[in-house]
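The next block holds one structure in the form of structure tokens; read it before the comments.
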Amino acid sequence: MYIVYYTIFWVVSPIDDHNHLPPIVPAKKRMAESASRNFSKKLIEIDISSDTVCPWCFVGKKNLDKAIDASKDQYNFEIRWHPFFLDASAPKEGVNKKEFYRQKFGSRVEAMFRRMSEIFKGIGLEYDTSGLTGNTLDSHRLIHYTGKQAPEKQHSLVEELCLGYFTQGKYIGDREFLAETAKKLGIDGAEVFLSDPSNGTTEVKEELEKYSQNITGVPHYTINGKVKLSGAQPPETFQSAFEAASS
């Protein structure tokens with residue numbers, strides 16, 4: 001005769017008085033209910049074309065994150081970032097950010113900086129115009145690499161790159177900054193990948209042609225392949241787009 005012992009785990013809620021215990025719910029049942037709710041959620045797939053020196057792309061991301069947080073009980077999300085170049089001819093060596101934009105936009109640049117400072121304050125950040133700017137190819141190579149090696153970390157990588165460039169005076173083309181950011185997020189192999197400038201270049205070009213050849217500005221969002229949005233939309237617009245895309 002065999003005797004089989006079963007170990008049962010229980011989740012006990014806090015005691016709400018000294019004389020009575022609340023109902024005891026088996027942990028397996030709670031886990032099954034949670035899995036069932038998660039499985040029943042509709043999937044929202046979001047493809048985003050952006051450039052890492054585009055401040056509106058970062059503002060749009062922050063608004064998108066708010067919309068996702070407000071909708072997480074309804075949907076599961078998959079987000080993919082794709083390259084766009086606001087200025088493909090920008091120098092690979094870092095150049096003074098203020099001077100670069102002054103030459104590009106002339107007398108309008110100070111008003112633009114003031115406007116962006118106001119916008120960033122609205123999302124709880126300080127807009128930093130110090131430091132260098134330049135070509136964004138290496139940042140897009142890293143984003144592409146992360147999308148292949150650790151797709152669940154790609155969205156967080158974009159967040160960290162933008163925080164560095166827009167609020168901390170980091171240079172988006174500095175491979176040391178890029179590698180350190182990847183290391184911070186536990187993206188293995190990024191430093192070695194970035195050390196060879198040919199790694200990922202062809203793939204970035206292919207993504208650019210596939211996702212961005214028919215758009216003229218960023219940020220640009222394609223939701224579930226059918227709903228398209230452009231610009232740093234407010235959270236409510238994203239939420240309406242989720243509903244339309246999932247219907």
- Query: Of the residues K153, K104, K98, which single one is in contact (Cβ under 8 Å) with a residue 24 or more places away in the chain and open to solvent by 70 Å² or more (accessible area, probe 1.4 Å)?
  - Reply: K98
- Restricting to the range 219-237, what's the tally of residues that are open to solvent by less than 50 Å² (accessible area, probe 1.4 Å) and outside any loop (DSSP other than H, G, I, E, B)? 8
- Query: What is the residue count in the range 199-208 for residues that are outside any loop (DSSP other than H, G, I, E, B), under 30 Å from M116 (Cβ atoms) and either open to solvent by less than 30 Å² (accessible area, probe 1.4 Å) or acidic (D, E) (or both)?
  - Reply: 2
- Considering only residues that are among the charged types (D, E, K, R) and part of a helix (DSSP H, G or I), look in the range 36-81 and name the one that is nearest to Q213 (Cα to Cα). K61
- Task: Determine, yes or no, whether Y171 is part of a helix (DSSP H, G or I) and either in contact (Cβ under 8 Å) with a residue 40 or more places away in the chain or in contact with a His (Cβ under 7 Å, 6 or more places away or on another chain) (or both).
- Result: no
- Message: Every residue in the range 82-133 that is part of a helix (DSSP H, G or I), under 27 Å from Y211 (Cβ atoms) and among the β-branched types (V, I, T), please.
- Response: I119
- Task: Could you please let me know if T133 is farther than 13 Å from K61 by Cβ, more than 13 Å from the chain's Cα centre (by Cα), open to solvent by less than 30 Å² (accessible area, probe 1.4 Å) and among the β-branched types (V, I, T)?
- Result: yes
- Query: Out of (1) more than 27 Å from S230 (Cα to Cα); (2) β-branched (V, I, T); (3) buried (at least 19 other Cβ atoms within 10 Å of the Cβ), the odd one out for I172 is which?
  - Reply: (1)
- Note on the structure: Given (1) at pLDDT below 95; (2) in contact with a strand residue (DSSP E or B) (Cβ under 7 Å, 6 or more places away or on another chain), H18 misses just (2)
- Task: Taking E160 as the residue in question, decide whether it is surrounded by 12 or more Cβ atoms within 10 Å (Cβ to Cβ), touching a residue at least 24 places away in the same chain (Cβ under 8 Å) and out of contact with any strand residue (DSSP E or B) (no Cβ under 7 Å at 6 or more places or on another chain).
- Result: yes
- Message: Regarding the range 97-106, can at least one residue be identified that is within 17 Å of the chain's Cα centre (by Cα) and at pLDDT 95 or above?
- Response: no
- Item | Which numbered condition S240 fails, given (1) more than 17 Å from A90 (Cβ to Cβ); (2) touching a residue at least 12 places away in the same chain (Cβ under 8 Å); (3) open to solvent by 10 Å² or more (accessible area, probe 1.4 Å); (4) polar (S, T, N, Q) | (2)
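The values are calculated or read from the model by the stated rules, or taken from the named source; none is laboratory data. All of these numbers come straight from a predicted model, not from anything done at the bench. Note that each Cβ is placed from the backbone with ideal geometry, even for glycine, and that neighbours are counted across all protein chains shown. Side chains included, ligands, DNA and RNA excluded: accessible areas come from the protein's heavy atoms. Shrake-Rupley method; radii C 1.70, N 1.55, O 1.52, S 1.80 Å.
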